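In what follows, a single structure is set out as structure tokens and then discussed.
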Amino acid sequence: MNYDLESISLVSTYSAMAVYALSFILFTVDLAGRAATEGQSKPTRWLRAAMALLTLGWLVHVVAVVTRAISANRVPWANMYEFGLTATAVLVAVFLGVTFWRDIRYVGAFISGFALLALGIVTVNFYVTVVPLPPALQGYWLIIHVCVAVLSTGFFATGAALSAAQLLQESREEGKLQGHSWRFLSAFPSSAELEALAYRILVIGFVFWTFTLVAGAIWAQRAWGRYWGWDTKEVWTFIIWTLFAGYIHARATRGWRGRPAAILSLIGFGAVVFNYSIVNIFFKGLHAYSGL
Amino acid sequence: MASRRFSEPGALQPVDLADATSDFDSPDAPRKNRLDAPIRGPKLGPFEFLRWGWRVLTSMRTAIILMVLLAFASIPGSLVPQRSSDPNGVIVFRNADPELFAVYDSFQLFDTFSSVWFSSIYVLLFVSLIGCILPRSLHHWRILRAEPAESPDNWTRLPFRRDELATGGVGAALSRAESSLRRARYRVVRDGSGIRAEFGYLRETGNLVFHIALVVILVTLVVTGGYGWNGQRVIVEGQTFTNQLASFDTFNPGAWFSEAQLEPYGVSLRSFTAGYNQRSPDDPWVPIDFTAELTVTDDNGTSDATLKVNEPLAVGNSQMYLLGNGYAPIITVRDPDGVVVFEQPVVFLSQDSNLTSVGVVKVPDGLSEQVGMQGFFYPSAVELDSGALASNNPEPTNPAVTFNIYTGDLGLDSGQTANVFQLPTEDLTLIAGRNTGVDVVLTPGDVFTLPDGLGSVEFSGLRRFIGVEIRHDATQSGVAFGAFFAIAGLLASLGTRRRRVWIRVAGSGRTPKLEWGGMARGDDPRLEVVLDKLVERSRPIEPDKLGTK
Ligand code: HEM
């Protein structure tokens, strides 16, 4: 174990947070600017600056993850702090990756804000120094399990951001959100496009979550001798899976498309956040991380 | 945006796909017609009522509601301790609040996942699922054997349209188009006037495989679940476990368990080693490795095996898991003449991360009185300021045992099965130990002489023990099989787009043309790109291009 690297990791984490904060501010400045012009203007240089900062913050963030992993000499997600650190890095990566495919920079404020908040919470509340893994947390199924869990969290968060935007946009299209402060929504695509985009991203998240569930079951089989025992964490994995299965069907059902489907997606993401935060801290179970 | 057009009301829907959605709502359906097709109450007799009920149950609306209900119904299973996963928590709950316990228990909250309400939700969901799968499978079977659909009458509404010169003549151009479609794995029919082609049957196939696999998983659980069993056993170094009912410390048979299921074999523990790590002298010791070296004797003879935490051992038709470990000091008790009346490793259960452990020794026979001893074991004993002992390391660097020694009726003859880890002391007399003025602190080899010439106690050696669980789970292979096909079906279904292509001949005389038309089902932003590539591949290869290749 290497303690210098460990402190480099922590410093990088704080630096990444600072850069994310700046990028969040610029994203909101951009949205506000567009609201002022009734959303007619093209993306401003604020937006480009915000994206550049987000990318920079992400690079620093990756340094934090990698140095943490090297200093611990194992995967960087053995406790809540590390999981949060890695998951937010993946979340930002998913967002940055998706922008190559589609221009969804308009939800950048949500993503940078969420990453900042999540990083802040885990660093302040759950920071622990590097300790080796206890035997039950060893093995490559754990690596696969958590790896896909982290990935799907990234997709779920991006999808939730789009679903939230879709809900607002839909209300605006119905003429409900008219005031000055909602004008920025005209910079967003139509609610139908937002919905189609959210769906494609959430479906990827769902596939990864299915892997999470199966890999977790295989790991549980090896570690505890049963693949499924309705342990607290398993219950929540199941709840999340079922909610997003419901979302997929809602999207495919007349009368459930649009708003109800988007609400289901947000409930699903709520369950993801709940599972990571409240369940890990207050609920008792085999998955309870050592020393949080 | 291309994807937008398909979801608009009135978007073109091919006949058979529209038909295919009769049992479930189509993703192409308009977004805002919630009131279009309300489910009406029945007007007629019981048969219609049943049919109506079935239609409602197998509608996707109901499936969604049931899924959300299932998700919410699971929540109590994480809030309230469950008998299945946390029996101890249930007992703690009952002791803490018996009244609330009774209320909760009447709602089966301690058995959420086998409760009537949870079961009815998933049973309904699976009935709905099966009612959904059957007609869809039948329909899909027909589609799989049918030809691609006729071209629509109104080509102007097709989202993809291209005109191509039929270079080299209509026949040759059509042949080129046909072979490029076939190479792209379209199903192609060429009739006199043109071509119709379809791609993406795998979407529905995969979807059906996924849903059927879910049913396979549930059926496996229901049918084979009852054959499972599991048992727990503590094995001390040097001891042998034989696989029979009487050898288990605890045993939980499934509903259809029979003792004949236990295959004969024996497992003895040669040695157990644990590795610990400490970050800095003030930090707690963290276990990094547990390894048990075993000797297995079965029909195939005797062989050595290693058991680790994440590496279960397959023996007979079952799996053995390493779940716990600890110390078993060997305690020897002699009568006043030095005759051994008790000598065995006694399992002490650990209480903290430094393996401070507690155990009980009961000596019912051989001495003039029955003797019971409550003990503490410290692998690395240190004396605290208060004078009490503590352990500062899980490794046996300075092992010590302390005892409180009692005499009196141990209650072993009353016929009740006594807990070996408990010594009810109310009716016993404390003769040595804490607060008696005679502390009993033994390091290996130490002998304590009991008061009143009763005999002596020796800490004569130290062994380690492991706690293992042995399990036979008949559901595993069926569930693994189902999960594999569920994932395969999911990937196949979500990775496939349904597309249709039609080609007809237009133009006349010297410049005949081929008209391409194409459409997708559902959102398909790549439709245009993909079909343009097809059109391009159907062009004749130009000689100069051949040359440069
Ligand atoms: C046990 C509960 C169920 C689960 C977990 C489940 C899960 C899923 C998943 C993950 C998908 C998307 C993957 C794919 O397209 O292959 C899907 C699609 C679908 N499911 Fe289910 N399903 C369930 C029950 C049902 C029921 C009861 C119905 C019929 C009423 C149904 C009808 C469909 C249909 C039509 C689709 C295709 C939707 C589309 O084209 O986007 N499912 N289901």
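The values are calculated or read from the model by the stated rules, or taken from the named source; none is laboratory data. Everything quoted here is computed from the prediction, not taken from an experiment. All Cβ positions, glycine included, derive from the backbone under ideal geometry; neighbour counts span all protein chains shown.
Could you tell me whether A:Gly255 is within 7 Å of another protein chain (Cβ to nearest Cβ) and outside any helix (DSSP H, G or I)? Please lay out each step first, then the result.
Details: within 7 Å of another protein chain (Cβ to nearest Cβ): yes; outside any helix (DSSP H, G or I): yes.
In short, yes.
Here are some residues: B:Val479, B:Val468. Which one is modelled with pLDDT of 90 or more, closer than 30 Å to B:Gln319 by Cα, in contact with a strand residue (DSSP E or B) (Cβ under 7 Å, 6 or more places away or on another chain) and within 11 Å of chain A (Cβ to nearest Cβ)? Steps first, answer last, please.
Values: B:Val479 fails: in contact with a strand residue (DSSP E or B) (Cβ under 7 Å, 6 or more places away or on another chain).
Answer to the selection: B:Val468.
Test A:Phe274 against the criterion of being part of a helix (DSSP H, G or I) and in contact with a Ser or Thr (Cβ under 7 Å, 6 or more places away or on another chain), and give yes or no. Walk me through how you get there before you give the answer.
Values: part of a helix (DSSP H, G or I): yes; in contact with a Ser or Thr (Cβ under 7 Å, 6 or more places away or on another chain): no.
No, not satisfied.
Of all residues in region A:236-262, which are over 17 Å from the mean Cα position of the chain (by Cα) and away from the ligand (no atom under 13 Å from the Cβ)?
A:Gly255, A:Gly258, A:Arg259, A:Pro260
If you check A:Ile239 against the conditions, is it within 7 Å of chain B (Cβ to nearest Cβ) and at pLDDT 95 or above? Step through it out loud before you land on a result.
On the way: within 7 Å of chain B (Cβ to nearest Cβ): yes; at pLDDT 95 or above: yes.
So A:Ile239 fits the description; yes.
If B:Val215 satisfies every condition in (1) of a type in the set (Val, Ile, Thr); (2) within 16 Å of B:Tyr321 (Cβ to Cβ); (3) in a helix (DSSP H, G or I) but one, which is the exception?
Against the list (1) of a type in the set (Val, Ile, Thr); (2) within 16 Å of B:Tyr321 (Cβ to Cβ); (3) in a helix (DSSP H, G or I), B:Val215 comes up short only on (2).
Taking the options B:Gly206, B:Gly238, name whichever one is at pLDDT 90 or above and part of a loop (DSSP other than H, G, I, E, B).
Numbers: B:Gly206 fails: part of a loop (DSSP other than H, G, I, E, B).
Result: B:Gly238 is the single residue among B:Gly206, B:Gly238 that is at pLDDT 90 or above and part of a loop (DSSP other than H, G, I, E, B).
Applying the selection to region B:362-381, what residues are under 41 Å from the mean Cα position of the chain (by Cα) and under 12 Å from B:Pro424 (Cα atoms)? I'd like the intermediate steps shown before the answer.
The first filter runs over region B:362-381 and keeps only residues under 41 Å from the mean Cα position of the chain (by Cα), leaving B:374-380.
B:Gln374 - this is the single residue of region B:362-381 that is under 41 Å from the mean Cα position of the chain (by Cα) and under 12 Å from B:Pro424 (Cα atoms).
Of everything in region B:452-501, what is part of a helix (DSSP H, G or I) and at positive phi? Give them in sequence order. Lay out the reasoning, then the answer.
So in region B:452-501, the residues part of a helix (DSSP H, G or I) come out as B:452-453, B:476-494.
Across region B:452-501, the qualifying residues are B:Asp452, B:Gly453.
For region B:341-349, does any single residue satisfy the condition of being under 30 Å from A:Trp219 (Cβ atoms) and of a type in the set (Val, Ile, Thr)? Break it down stepwise before answering.
Within region B:341-349, the subset under 30 Å from A:Trp219 (Cβ atoms) is B:347, B:349.
Checking the rest, the ones that are also of a type in the set (Val, Ile, Thr) come to B:347.
Within region B:341-349, one or more residues are under 30 Å from A:Trp219 (Cβ atoms) and of a type in the set (Val, Ile, Thr).
Is it true that some residue in region B:53-64 is basic (Lys, Arg), surrounded by 16 or more Cβ atoms within 10 Å (Cβ to Cβ) and either within 14 Å of chain A (Cβ to nearest Cβ) or touching an Asp or Glu at 6+ places or on another chain (Cβ under 7 Å) (or both)? Before you say what the answer is, go through the steps one by one.
At the first step, the residues of region B:53-64 found to be basic (Lys, Arg) are B:55, B:61.
Next cut, surrounded by 16 or more Cβ atoms within 10 Å (Cβ to Cβ) only: B:61.
If we keep only those that are either within 14 Å of chain A (Cβ to nearest Cβ) or touching an Asp or Glu at 6+ places or on another chain (Cβ under 7 Å) (or both) too, we end up with B:61.
The answer is yes; a qualifying residue exists.
Among the residues in region B:102-114, are any out of contact with any strand residue (DSSP E or B) (no Cβ under 8 Å at 6 or more places or on another chain) and either within 16 Å of the ligand (Cβ to nearest atom) or in contact (Cβ under 8 Å) with a residue 60 or more places away in the chain (or both)?
We begin by selecting, within region B:102-114, every residue out of contact with any strand residue (DSSP E or B) (no Cβ under 8 Å at 6 or more places or on another chain); these are B:102-114.
Add one more test, that the residue is either within 16 Å of the ligand (Cβ to nearest atom) or in contact (Cβ under 8 Å) with a residue 60 or more places away in the chain (or both), and what stays is B:113.
So far as region B:102-114 goes, yes, one or more of its residues are out of contact with any strand residue (DSSP E or B) (no Cβ under 8 Å at 6 or more places or on another chain) and either within 16 Å of the ligand (Cβ to nearest atom) or in contact (Cβ under 8 Å) with a residue 60 or more places away in the chain (or both).
Restricting to region B:41-70, what's the tally of residues that are assigned to a helix (DSSP H, G or I), within 11 Å of the ligand (Cβ to nearest atom) and of a type outside the set (Lys, Arg)?
The first filter runs over region B:41-70 and keeps only residues assigned to a helix (DSSP H, G or I), leaving B:46-57, B:60-70.
Filter once more, so that each one left must be within 11 Å of the ligand (Cβ to nearest atom): B:55-57, B:60-67, B:70.
Then keep just the ones that are of a type outside the set (Lys, Arg); that gives B:56-57, B:60, B:62-67, B:70.
Qualifying residue count, region B:41-70: 10.
It is to be established whether one or more residues within region B:200-207 are more than 16 Å from the ligand (Cβ to nearest atom) and either surrounded by 18 or more Cβ atoms within 10 Å (Cβ to Cβ) or over 28 Å from the mean Cα position of the chain (by Cα) (or both). Full working, then the answer.
Of region B:200-207, the ones more than 16 Å from the ligand (Cβ to nearest atom) are none.
No, every residue in region B:200-207 fails to be more than 16 Å from the ligand (Cβ to nearest atom) and either surrounded by 18 or more Cβ atoms within 10 Å (Cβ to Cβ) or over 28 Å from the mean Cα position of the chain (by Cα) (or both).
Enumerate the pairs (first residue in region A:67-82 and free of Cβ contacts under 8 Å to residues at least 12 places away in the same chain and buried (at least 23 other Cβ atoms within 10 Å of the Cβ); second residue anywhere and among the small types (Gly, Ala, Ser) and part of a helix (DSSP H, G or I)) with beta-carbon separation below 6 Å, excluding pairs fewer than 6 apart on the same chain, so at least 6 apart or on different chains.
A:Pro76/A:Ala69
Please verify whether region B:138-161 includes one or more residues that are away from every other protein chain (no Cβ under 14 Å), closer than 30 Å to A:Ile239 by Cβ and within 14 Å of the ligand (Cβ to nearest atom).
no
Taking region B:323-357 as the region of interest, how many residues are of a type in the set (A, V, I, L, M, F, W, C), buried (at least 20 other Cβ atoms within 10 Å of the Cβ), assigned to a strand (DSSP E or B) and without any contact (Cβ under 8 Å) to a residue 60 or more places away in the chain?
Within region B:323-357, the first condition is being of a type in the set (A, V, I, L, M, F, W, C), and the residues that meet it are B:323, B:328, B:330-331, B:333, B:339-342, B:346-349, B:355.
After this cut, where a residue has to be buried (at least 20 other Cβ atoms within 10 Å of the Cβ) as well, the list is B:328, B:331, B:333, B:342, B:346-348, B:355.
This time we only want the ones that are assigned to a strand (DSSP E or B), so: B:328, B:331, B:333, B:342, B:348.
Now restrict to residues that are without any contact (Cβ under 8 Å) to a residue 60 or more places away in the chain: B:342, B:348.
Looking only at that region, the number is 2.
Within the group B:Ser106, B:Ser115, B:Ser78, which residue is within 19 Å of the chain's Cα centre (by Cα) and among the polar types (S, T, N, Q)? Step through it out loud before you land on a result.
Values: B:Ser106 fails: within 19 Å of the chain's Cα centre (by Cα); B:Ser115 fails: within 19 Å of the chain's Cα centre (by Cα).
Step by step, each of B:Ser106, B:Ser115, B:Ser78 is checked, and only B:Ser78 is within 19 Å of the chain's Cα centre (by Cα) and among the polar types (S, T, N, Q).
Which condition number does B:Cys132 fail, the rest of (1) in a helix (DSSP H, G or I); (2) more than 16 Å from the ligand (Cβ to nearest atom) being met?
Failed condition: (2).
Just to check your reading of the model, which residue among B:Val358, B:Val363 is under 30 Å from B:Ile288 (Cβ atoms), touching a Gly at 6+ places or on another chain (Cβ under 8 Å) and at pLDDT 90 or above? If you could, list the steps in order and put the result at the bottom.
Numbers: B:Val363 fails: under 30 Å from B:Ile288 (Cβ atoms).
Going through B:Val358, B:Val363 in turn, the sole match is B:Val358.
Here's the yes/no breakdown for (1) within 14 Å of another protein chain (Cβ to nearest Cβ); (2) within 16 Å of the ligand (Cβ to nearest atom):
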position	(1), (2)
B:Val188	no, no
B:Ile212	no, yes
B:Val219	no, yes
B:Tyr227	no, no
B:Asn230	yes, no
B:Leu245	no, no
B:Gln261	no, no
